[in-house]
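The values are calculated or read from the model by the stated rules, or taken from the named source; none is laboratory data. Keep in mind the model is a prediction, meaning the values are calculated, not measured. In this analysis, Cβ positions are derived from the backbone assuming ideal geometry, glycine residues included, and neighbour counts consider all displayed protein chains. We work out accessible area using only protein heavy atoms, side chains counted, and drop any ligands, DNA or RNA first. Shrake-Rupley method; radii C 1.70, N 1.55, O 1.52, S 1.80 Å.
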Amino acid sequence: MPQTLLLTGASSGIGKATALLFAERGWSVVATMRTPSKAGAWAARPNVHVLPLDVTDPESIRAAVAETVRRFGAIDALVNNAGYGMVGAFEASTSSQVLRQFATNVFGLMDLTREVLPHLRERRKGVVVNVASMGGRITFPLYSVYHATKWAVEGFSEALCYELEPFGVTVKIVEPGPIRTDFYDRSMDLVTKAGLTAYDAFAAKAMPNMQKAGATAPGPEVVAKVIWNAVTDGSRRIRYQANSAPILALRRLLPDRLFMAVVKAAVLR
Ligand SMILES: NC(=O)c1ccc[n+]([C@@H]2O[C@H](COP(=O)([O-])OP(=O)(O)OC[C@H]3O[C@@H](n4cnc5c(N)ncnc54)[C@H](OP(=O)(O)O)[C@@H]3O)[C@@H](O)[C@H]2O)c1
């Protein structure tokens, strides 16, 4: 009997690469996305089932989980991948932009997890993988609200491990570094405020360097393999890196200000 993966944000990037890898390796894949018409030819595989799911829409969460359980009988792994980056000076942001960033990257992930948990707990097995970021443990200029969401995902996920462990359910955190996807392009919410020019020189220096890191980064298949390991290795390991291990190791070694000086030297050069 194939195992079943429920995955968010499967229309592009890491989500699409993960859906493909699990499908190739024989899993039944419920590839959810906001706009199912965006799914390409790959989604026509017999073991891929596309469902609509917007993580900010509680009704679509309920419907997708109910349909997955009805069709496949069980969920073996949930991968919370949907997310995007809000980028710009915090002073330029609006409250509704911040709310939308949290609604997608944090509250949507929590709402879907809550909906899936009874199905994992009752079977006393299952894995939840939350795609956080190396940006859930370190920070870069102009990404303050994005970092706040990913640091929230890190804390939420680690704490959840305690209460789910007695039920045989594991929670894992995947922490990608820069990965070449639409994250740096059409998915980005670039924050600006009319008349606010004080941050322009800073942003003009920092943005091209950070964009370049994305453009020259490895593709999303690297993260898909790490997610595969997280789901299938049977271990109690919590955190998995993907193109992020060296910088996170440096973060553990250096005091705050020294590490930030390294980031500044790289980003504001
Ligand atoms: N790329 C990187 O460098 C990087 C690094 C660290 C972490 N990450 C994380 O990796 C995850 C995937 O990003 P990616 O790099 O693969 O970027 P991507 O290609 O832009 O993919 C983002 C996915 O999230 C979906 N999404 C956005 N809002 C949604 C919502 N409300 N409900 C459901 N789906 C929604 C998008 O759907 P639409 O097609 O409908 O827009 C898309 O499928 C994100 O959580 C991101 O924070 C990325």
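What do you reckon, is L20 more than 10 Å from the ligand (Cβ to nearest atom) and either open to solvent by less than 30 Å² (accessible area, probe 1.4 Å) or farther than 17 Å from A224 by Cα (or both)?
Values: more than 10 Å from the ligand (Cβ to nearest atom): yes; either open to solvent by less than 30 Å² (accessible area, probe 1.4 Å) or farther than 17 Å from A224 by Cα (or both): no.
The answer is no for L20.
With respect to G88, determine if the residue is touching a Pro at 6+ places or on another chain (Cβ under 7 Å), on the phi > 0 side of the Ramachandran plot and of a type outside the set (D, E, K, R). Let's see the steps before the verdict.
Values: touching a Pro at 6+ places or on another chain (Cβ under 7 Å): no; on the phi > 0 side of the Ramachandran plot: yes; of a type outside the set (D, E, K, R): yes.
No, not satisfied.
Within segment 121-143, take every residue that is part of a helix (DSSP H, G or I) and within 15 Å of the ligand (Cβ to nearest atom) and give me the one that is farthest from R100 (Cα to Cα).
Once the filter is applied, the top-ranked residue is M134.
Inside segment 40-70, can you point out the residues that are surrounded by fewer than 20 Cβ atoms within 10 Å (Cβ to Cβ), within 12 Å of the ligand (Cβ to nearest atom), assigned to a loop (DSSP other than H, G, I, E, B) and at pLDDT 95 or above?
Listed by number, the residues that qualify are D54, T56, D57.
Would you confirm, using the coordinates I've provided, whether Q97 is more than 27 Å from S244 (Cα to Cα), within 16 Å of the ligand (Cβ to nearest atom), among the polar types (S, T, N, Q) and in a helix (DSSP H, G or I)?
yes
Among what's in segment 150-195 and is part of a loop (DSSP other than H, G, I, E, B) and basic (K, R), pick the residue that is farthest from R239 (Cα to Cα).
Looking at residues that are part of a loop (DSSP other than H, G, I, E, B) and basic (K, R), I get K193.
Could you grab me the full set of residues in segment 167-186 that are open to solvent by less than 40 Å² (accessible area, probe 1.4 Å) and under 13 Å from the mean Cα position of the chain (by Cα)?
Those that are open to solvent by less than 40 Å² (accessible area, probe 1.4 Å) and under 13 Å from the mean Cα position of the chain (by Cα): K172, I173, V174, E175, P176, G177, P178, I179, T181.
State whether one or more residues within segment 2-23 are at pLDDT below 95 and either touching a helix residue (DSSP H, G or I) at 6+ places or on another chain (Cβ under 6 Å) or outside any strand (DSSP E or B) (or both). Break it down into steps so the answer makes sense when it comes.
Residues of segment 2-23 at pLDDT below 95: 2.
Among the residues that remain, those that are also either touching a helix residue (DSSP H, G or I) at 6+ places or on another chain (Cβ under 6 Å) or outside any strand (DSSP E or B) (or both) are: 2.
Among the residues of segment 2-23, at least one is at pLDDT below 95 and either touching a helix residue (DSSP H, G or I) at 6+ places or on another chain (Cβ under 6 Å) or outside any strand (DSSP E or B) (or both), which makes the answer yes.
If L164 passes every condition in (1) closer than 26 Å to D256 by Cα; (2) open to solvent by less than 20 Å² (accessible area, probe 1.4 Å) but one, which one does it miss?
(1)
How many of the residues in segment 1-17 are open to solvent by 10 Å² or more (accessible area, probe 1.4 Å), closer than 14 Å to W228 by Cα and within 10 Å of the ligand (Cβ to nearest atom)? I'd like the intermediate steps shown before the answer.
Going residue by residue through segment 1-17, those that are open to solvent by 10 Å² or more (accessible area, probe 1.4 Å) are 1-3, 9, 11-14, 16-17.
Next, from what is left, pick out any that are closer than 14 Å to W228 by Cα: 3, 14, 16-17.
Remaining after also requiring within 10 Å of the ligand (Cβ to nearest atom): 14, 16-17.
Qualifying residue count for the region: 3.
Would you confirm, using the coordinates I've provided, whether A198 is part of a loop (DSSP other than H, G, I, E, B), away from the ligand (no atom under 16 Å from the Cβ) and open to solvent by 20 Å² or more (accessible area, probe 1.4 Å)?
Values: part of a loop (DSSP other than H, G, I, E, B): yes; away from the ligand (no atom under 16 Å from the Cβ): yes; open to solvent by 20 Å² or more (accessible area, probe 1.4 Å): yes.
Taking the combined requirement at face value, the residue satisfies it.
For Y146, only one of the following conditions fails: (1) open to solvent by 40 Å² or more (accessible area, probe 1.4 Å); (2) not in a loop (DSSP other than H, G, I, E, B). What is its number?
Against the list (1) open to solvent by 40 Å² or more (accessible area, probe 1.4 Å); (2) not in a loop (DSSP other than H, G, I, E, B), Y146 comes up short only on (1).
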